[in-house]
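Just so it is clear, none of the values below were taken in a lab; they were calculated from the coordinates. These numbers come from a predicted model, not from an experiment. When we count neighbours, we look across all protein chains shown, and the Cβ atoms used for this are built from the backbone with ideal geometry, even at glycine.
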Amino acid sequence: MVTISSGLVQAQLPPNGTTALLPANPTSADNLKLSMKDRTCGGINPYKPGDTYRVSMSQNNITITLGETTGSVVPLCPSSPREEIDIGRLPAGNYTLSVYNSNFGTRPDGFIILNSPFTVTDARLVKTAPYVRLDYSGHWWDPNDSGWGLFIWQDARDNILAAWFTYAPDGKPMWYVFQPTWETNVATATTSLQQTFRAPGPTSPPPTRTGYFPVGTAKLDFSNSGTTEVGKIIYTFTGGTQLTRNIQRFKP
């Protein structure tokens, strides 16, 4: 029996297990996951780490198939005690979710969840101007400067945190952070650039608190790209001249 309550997908699983969508009320800005509680697969296999699964989609119908064989690997079930299966971001709309245990072959009782409906709401409806259209989250680097890099986190409300790692003149690693707001939908406003530090100590983490102090300003600019693959960081250290560094998304 599958029940729906406030966007939460629930199913009775032997013995007394549950599944749930994370987040319970997803928007088009969320990375959707299915959380599955520990159980046994109909007395066939217990959940184990390193399991296999496949997520497929036909129109607005999503199916998660558990324990699929990969080469000569014996089909396994999701790992104990709880596993989160990545579904990904979905456009706003109405969907159904089915979860199938492939250990049951083609038997209809292999469905843990069958055509359970849920809704993804449009995150753009609650955004404020300037309506950023793309997600720039990820690892960025400058191909002309090995060892330099930038991590960007952008949440569902387009808040930004950027962590810049590089090397100091003495060769030691150095970190800067900045949290800009958006000036346009493709470029942030200039904001304070902070250098972080913490003295070493005898334990991990050290007993001393992390500190920071302003060293200049920085902004991000993607206005000349139209994609989430290339951009610029424009920065000025206190008392220095403005510098621009071309960056691109890191792809190993």
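Taking the number of other C-beta atoms within 10 Å as the exposure measure, put Lys219, Lys172 in order starting with the fewest.
Lys172, Lys219
Given the stretch 107-252 reduced to its alpha-carbon atoms as identical point scatterers, what log10 I(q)/I(0) does the Debye formula return at q = 0.19, 0.20 Å⁻¹?
Normalising to I(0) and taking log10 leaves -1.18, -1.27.
May I have the pair-distance distribution P(r) for the stretch 194-252, computed from all Cα-Cα distances with 5 Å bins from 0 and rounded to whole percent?
That works out to 4, 15, 16, 14, 13, 13, 13, 8, 3, 1, in percent per bin.
Which lysines, on any chain, are close to Lys33 with Cα under 25 Å apart, when same-chain ones fewer than 8 places away are left out?
Qualifying lysines at Cα under 25 Å: Lys48, Lys127, Lys251.
Suppose a student asked you for the relative contact order of the stretch 138-249, using Cα pairs under 8 Å spaced at least 6 residues apart; what percent would you report?
19
Could you put Met57, Met174 in order, starting from the residue whose Cβ has the fewest other Cβ atoms within 10 Å?
With the sparsest Cβ surroundings first, the list reads Met57, Met174.
Most exposed first by the Cβ proxy, i.e. fewest other Cβ within 10 Å, how do Trp175, Trp164, Trp182 rank?
Fewest to most other Cβ atoms nearby, the residues stand as Trp175, Trp182, Trp164.
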